[in-house]
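Since the structure comes first, as C-alpha cells, the remarks are kept for the end.
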Amino acid sequence: MFSVGCWMLVVFHFPFRPMKTEILSTHTPALFAAAVKRASELLCAGEVVALPTETVYGLAANALDEKAVAKIFQIKGRPTHNPIIVHVASNEMAQLCVTKWPAVAEKLSRAFWPGPLTLVLPRAKKIPDNVTAGGATVGVRWPGHPFMQAVIRECGFPLAAPSANLSNQISPTNAEHVRTQLAGKISLIVDGGQSQVGIESTVLDLTVSPPRILRPGMIHAESLAAVAGNIQHPTSNIQHPILRSPGLLKKHYSPKAKLVVLNWHDDADLSAQLSTLNSQLSTCFIIAHAKIPAGFGAENVSVIPHDAEAFARALYAELHRCDAAGAKLIVVEAPPDLPEWSGIADRLRRAAA
Ligand code: TXA
Ligand code: MG
C-alpha cells in the first residue's frame, strides 16, 4: 500500500510542479534587446512566453508549431473550440497566413495596422488546426507594441497569442496581472509597461460581405466603415456565436466579484439603487467617470477620466484591483452611448452577464 501511495504521489504531482518564472524588463535599449533575444530563443525552442501588446498582454507561441500552440491551451485552460489570433509584423507575413487577401483587407490593414484590429480571413494550410480550432478561417493582427514587433521579426515566424490570462478571467494589461495568474506555469514574462489600448482588439470577419464585427474594440464601426464602406454591427442574436467567435459568448471577461453597470443622477439616487442590491457598502467598489459619488459612506470609489481611450486603458487594472481587494460588488458608471465607447460597453456587458 505504502509504495503504491508514494508512486502515485510521484506520478500525479510531478507534471504540476511549478516552474521558475523569469520577469524581464525592457525600459532601456540594452534590456529591451536582451529580452527580445531571450523571448525569441524560448519561442524558437517551442516554448510559451507572455509578451506585451498594446491591447492586452498575450501568451505567445510559434503559430506554425502545433505542439507549441497546444501548450497555450493547456496553460490557460482554454477550450479547444476557441481559435487563437495569429500575430504578424508585416502585411506580407499576414498574407502568408491566409489564402485570400481581398482589396478590403489591403485597405483596412493600411489604415489600421499596426494596431488593435484583427482580420478574419480564409486560413492557409501552414496554419495548424489547433490555432483555428479546426475552422476554415484565421484571425491575423499586426500589433503596434514595439516589443512584440521586435520578437516576431527576430523569430521570423508569426506568433499565436490569446490574452495572457486563465480562461474566462480578465485580460492582463501589465506584467503584474500576468504574474498573478500565470507565475509557475510559464518560464518568461516580458514587462513592456502598461498596455496603451487596454481592451482586446476589434475582430472583423472579412469572409462575409459586408464585413462583420465579431468583437467590438477601440477601432469602432464608424472608423471601419470610413475605410471599408458598409460594416455589419455585432448582433447578440447571431445563431451560433460559438462557431463564429467564442469572444462573442455572453459571459466572458469577468471579474470574480459581481459587476453591475448603473446610471445615477446624484449620490442619493446611487445610494438608493445600491440598497436594492443587498450589498455591504464596505465590499462594494464604485468605478465612476462623470458623476463622482462623494458623501454617503461609499469609501471604495475610483475615478477614471471621462474619455473613452483613457477609460479603456484603465478599466481592466481597476477590475483586477477590485478583485484583489476582495470586492463583492463592482458598480461601474454606465458609459455614454457613443461609437468610441462601444468596445468598452461590450466588455462591461459581458463582465456583468
Ligand atoms: O487584442 C487582442 O486581440 C489580444 C492580443 C493578445 O492580441 N488577443 C486576444 O486573444 O484577445 P483572445 O484569444 O483572448 O481573443 C481572441 C478572440 C476570441 O474571441 C476568438 O474566438 C476570436 O478572437 N477569434 C480568433 N480567431 C478567430 C477566427 N478565425 N474566427 C472567428 N473568431 C476568431
Ligand atoms: Mg482572452
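The values are calculated or read from the model by the stated rules, or taken from the named source; none is laboratory data. As the structure is a prediction and not an experimental result, all values here were calculated from the model. Note: ideal-geometry Cβ built from the backbone for every residue, glycine included; neighbour counts use all protein chains shown. These area figures cover heavy atoms from the full protein model, side chains too; ligands, DNA and RNA do not enter into them. Shrake-Rupley method; radii C 1.70, N 1.55, O 1.52, S 1.80 Å.
Stretching residue 338 away from residue 187 to a fully extended chain increases their span by 50.2 nm, per 0.36 nm per residue minus the current alpha-carbon distance. Quick one: grab the alpha carbon gyration tensor of the chain, order the square roots of its eigenvalues as a ≥ b ≥ c, and give me rounded if a/c is under 1.5, else prolate or oblate depending on whether a/b is larger than b/c. Note, shape of the chain comes out oblate.
The Cα atoms of region 261-353 give a gyration tensor whose axes a ≥ b ≥ c have a/c of 1.5 or more with a/b greater than b/c, which makes the shape prolate.
Remark: region 87-214 carries a charge dipole of roughly 300 debye about the Cα centre, counting +1 on each Lys and Arg Cβ and -1 on each Asp and Glu Cβ. Averaged over its residues, the chain has an accessible area of 46 Å² per residue, based on protein heavy atoms and a 1.4 Å probe. Would you please classify the overall shape of region 88-169 from the alpha carbon gyration tensor, given that a ≥ b ≥ c denote the square roots of the eigenvalues, rounded means a/c under 1.5, and beyond that prolate means a/b larger than b/c while oblate covers the rest? Rounded, because the longest to shortest axis ratio a/c is under 1.5.
Using a 1.4 angstrom probe on heavy atoms only, work out the carbon and sulfur share of the accessible area of the chain in %.
On the way: 9210 of 16170 Å².
Heavy-atom surface of the chain belonging to carbon and sulfur, 1.4 Å probe: 57 percent.
Dividing the summed -39500 (n - 2.57) terms of all DSSP H runs of n ≥ 4 by the residue count of the chain sets its mean residue ellipticity at 222 nm at -10500 deg cm²/dmol.
Backbone geometry of region 17-27 corresponds, through the Karplus equation with coefficients 6.51, -1.76 and 1.60 at θ = phi - 60°, to 3J(HN,Hα) couplings of 4, x, 9, 7, 9, 8, 10, 10, 7, 9, 7 Hz, x marking Gly and Pro.
Under 12 Å from the Cβ of residue 329, count the other residues' Cβ atoms, weight Lys and Arg +1, Asp and Glu -1, and hand me the total. Don't skip to the answer; put the middle values down first.
Values: positive: 256, 258, 328; negative: 323.
Cβ neighbours under 12 Å give a net charge of +2.
When the chain is described by a simple charge dipole with +1 on each Lys and Arg Cβ and -1 on each Asp and Glu Cβ, the residue from 278, 109, 50 located farthest towards its positive end is 50. Summing charges over all other residues whose Cβ lies under 14 Å from the Cβ of residue 277, with Lys and Arg as +1 and Asp and Glu as -1, gives +1.
Can you flag which of 76/256; 71/258; 71/328 are past 28 Å Cα-Cα?
On the way: 76/256 17 Å; 71/258 31 Å; 71/328 33 Å.
In this structure, 71/258; 71/328 lie more than 28 Å apart at Cα.
Relative to the Cα centre, the charge distribution of the chain, modelled as +1 at Lys and Arg Cβ and -1 at Asp and Glu Cβ, gives a dipole magnitude of about 1140 debye.
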